[in-house]
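Reviewing the structure listed below.
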Amino acid sequence: MNRTDTAGGAVRRATSRRRPWRLVGGLRTRLVITFVLVALVSALTATALAYRDARTAVLRRTQDAAVDGLRERITTVAPDLDVPPDHASLSRFAAKVSDGLGARIVVARYQNLVAVSDPRADTRERITVELRAAVMTGGGARFQRVMWRGEPYLVVGMPVTYADGDRRPSALEVYAITDLRAERDDTAALLDSVRAGTVPVVVLAAVLALLAAGTVLRPVRKLGRATRELATGDLGSRVAVTGHDELAELARTFNESADALQASDAELREQEAKARRFVADVSHELRTPLAAMTMVATVLEEDADQLPPDTARAARTVGAETARLTRLVEDLMEISRFDAGAARLNAVETDLADTVRASLALRGWPERVETRLQEGLRTVIDRRRVDVIVANLVGNALRHGAPPVTVTLGTARAANGGDEEWVTLQVADHGPGLPPEARERVFDRFYKADAARTRGAADGGGQGSGLGMAIASENARLHGGTIEVADAPWGGAVFTLWLPLRQGVGDER
């Protein structure tokens, strides 16, 4: 049944939807992502640094070799060159320098005279104006890396000086053009190798992250499982403490808290059991003197008309209070049986309309209550306990509500659309109704909402102890049903008893 259950004694059907604590999609994922990101950033940083250092080392080695080779070759070949040279001698000079440099393109310039070791080579865009100016004004070798037609080249320029003591410039300039494509390919291959190694590093980092997350989160999952067990009432749930880290300290704190909670629960249960035994014992012990007091009070009430007025009034008061005390003791004993789990149903198939009419007639209420009873409605109930429920619900309406009080008997299906059919007994009044705080506590033991509703004259059927509605709720629960309370559209209170519709004779429970 998908209905709102009342507080205190009513069958509570609240289904708390707990969302399981799934670490797989939370902390574990964040740990793996963090590990992977750190590994990826580290790999990329190492790749960039390695590429830069490797490229710098390769280029420096190449340019140093080019400068040293050109200087050595010029030192060897230049003494044989007559200055000022003609074009033929300048061309032979460039060719000799190129032969010694591994057939690199060599350009020799003397003022406006230019000779190239390979006449087919185009050198105009590869020897820049900036490099020529640096060579002409400088006293040593100069080099520059240039891009020509999308390919990298290293151009080394060096002025040739006379071999005399003052090292005067001879106006002869020599340039060697070195192809850097091999060096570019080497550094690119190195970059590809490092980049290819990044994927295994990231995968390894993910695997290590999963292993680390499993190691770290395993005690967390155990702690979460123990916490859920503790929340469901398993006070013996504990966590194994291993190690001396923060998680071990957390597990140790949890165990200490669970121990304290279990000890408190055991103490409360013991105190509650003592209180129940005390109530049961006191109620039992009071029955014998109450029986004698009731007998005496009954005799006094019967002879009250023959007594003086004050004595007669006192005799009637003693009789009423003795009857009230007797009902209170009986209610306490009934409650103690519910608490001890000793309450049982003596269930037989019964006509509910006859049961309701008999309950009202027994208390003299037929003239004060309007009934709308479905005839022929039979179900398996404990007639005595249903009589108690009817007496408490109707007596509560007569005592605290306002006329007319109506009792409606019928059947209904659960609000969630289930196939199960239920018996409904609805007791409604036209009083002020119940405030929200009273609706939440109306089935609590010893709770009285007198201040919230209009009080009428005392009623023989009324309990007046604050236990009647709690007993009615327990009896409904014993039948597998419940009692709900709500405000009527016209302003009164409506109590609805729900009982499962069972056909056939039932067994005692």
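The values are calculated or read from the model by the stated rules, or taken from the named source; none is laboratory data. Remember, predicted model here, so these are calculated numbers, not experimental data. In this analysis, Cβ positions are derived from the backbone assuming ideal geometry, glycine residues included, and neighbour counts consider all displayed protein chains. When the accessible area is computed, the model is the full protein with side chains, heavy atoms only, and any ligands, DNA or RNA have been set aside. Shrake-Rupley method; radii C 1.70, N 1.55, O 1.52, S 1.80 Å.
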When a/c reaches 1.5 or more, the comparison of a/b and b/c decides; with that in mind, is region 354-425 rounded, prolate or oblate per its Cα gyration tensor?
prolate
Hz values of 3J(HN,Hα) by residue in region 143-156 - Karplus curve (6.51, -1.76, 1.60), Gly and Pro given as x:
9, 8, 8, 10, 10, 10, 6, x, 10, x, 9, 10, 10, 10
Inter-centroid distance (Cα atoms) of region 115-151 relative to region 185-213, Å:
41
Per the 1/(1 + (r/R0)^6) rule, R0 = 45 Å and r from the Cβ atoms of K448 and D259, FRET efficiency to 0.05 is 0.70
Selected from L247, T496, P85, residue furthest toward positive end of dipole (the chain; charges at beta carbon)
P85
A correct Karplus calculation of ³J(HN,Hα) over region 212-229, with 6.51 cos²θ - 1.76 cosθ + 1.60, θ = phi - 60°, whole Hz and x for Gly and Pro, returns 5, 5, x, 5, 6, 8, 4, x, 5, 5, 4, 5, x, 5, 5, 5, 5, 5
Virtual spin-label span in nm between Y51 and D122, 7 Å along Cα→Cβ:
3.0
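What FRET efficiency would be calculated for the residue pair A65, V38, taking the C-beta separation as r and a Förster radius of 51 Å, to the nearest 0.05? Please report the intermediate quantities before stating the final value.
Details: r = 40 Å, r/R0 = 0.79.
According to the calculation, E is roughly 0.80.
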L190 versus A248, label points 7 Å from Cα toward the beta carbon: distance in nm?
4.8
Positive end of the dipole of the chain, charges at C-beta (+1 Lys, Arg; -1 Asp, Glu), about the Cα centre: which of L393, H430, M136 has its Cα farthest in that direction?
M136
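If you stretched the chain out fully between T288 and R372, how much longer would it get, using 0.36 nm times the residue separation minus the C-alpha to C-alpha distance? Spell out each step's value before the answer.
Numbers: separation 84, 0.36 × 84 = 30.24 nm, distance 4.15 nm.
Separation in residues times 0.36 nm, less the Cα-Cα distance, equals 26.1 nm.
Hey, could you grab the Kirkwood Rh for region 75-191? Inverse mean 1/r over distinct alpha carbon pairs, Å, one decimal.
Details: mean 1/r = 0.0669 Å⁻¹.
Answer for region 75-191: a Kirkwood hydrodynamic radius of 14.9 Å.
Sorted by packing (mean other beta-carbon atoms within 10 Å per residue), highest first, where do 388-397, 273-282 land?
In decreasing order of mean packing, 388-397, 273-282 become 388-397, 273-282.
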Rounded to whole Å², per residue accessible area for region 41-92 with a 1.4 Å probe reads 62
Can you list the lysines whose alpha carbon is less than 30 Å from that of K274, not counting same-chain residues fewer than 8 positions off?
K448
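How much accessible area per residue does region 151-291 have, in Å², with a 1.4 Å probe? Before the final figure, lay out the partial values.
Details: 8450 Å² over 141 residues.
For region 151-291, the solvent-accessible area averages 60 Å² per residue.
Quick one: net charge of V67's neighbours, Cβ under 12 Å, K/R +1, D/E -1?
Working: positive: R60, R61, R71, R73, R142; negative: D64, D68, E72.
In short, +2.
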So, with +1 on the Cβ of K and R and -1 on the Cβ of D and E, and no other charges, what is the size of the charge dipole of the chain about its Cα centre, to the nearest 20 debye?
1660
Considering every Cα-Cα pair within the chain, what fraction, in whole percent, is farther apart than 37 Å?
63
Normalised per residue, the volume of the convex hull around the Cα set of region 260-319 (Å³):
74
Give the whole-number value, in cubic angstrom per residue, of the convex hull volume spanned by the C-alpha atoms of region 315-457.
157
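Before anything else, pin down the relative contact order of region 145-206: Cα pairs under 8 Å, at least 6 apart, normalised by residue count, whole percent. Provide the component values of the computation, followed by the final result.
Details: 59 pairs, mean separation 16.2, N = 62.
Here the relative contact order equals 26 percent.
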Give me the percent of the accessible area of the chain that comes from carbon and sulfur atoms, probe 1.4 Å, all protein chains in place.
55
Considering only the chain, what is the antiparallel percent among its DSSP beta bridges, to the nearest 5?
90
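Need one word for region 276-397: rounded, prolate or oblate. Basis is the Cα gyration tensor (sqrt eigenvalues a ≥ b ≥ c); a/c below 1.5 gives rounded, then a/b vs b/c decides. The partial results should precede the final answer.
On the way: a/c = 3.07, a/b = 1.36, b/c = 2.27.
Here region 276-397 falls in the oblate category.
Past the 15 angstrom mark, what percentage of all C-alpha to C-alpha distances in region 199-261 do you count?
56
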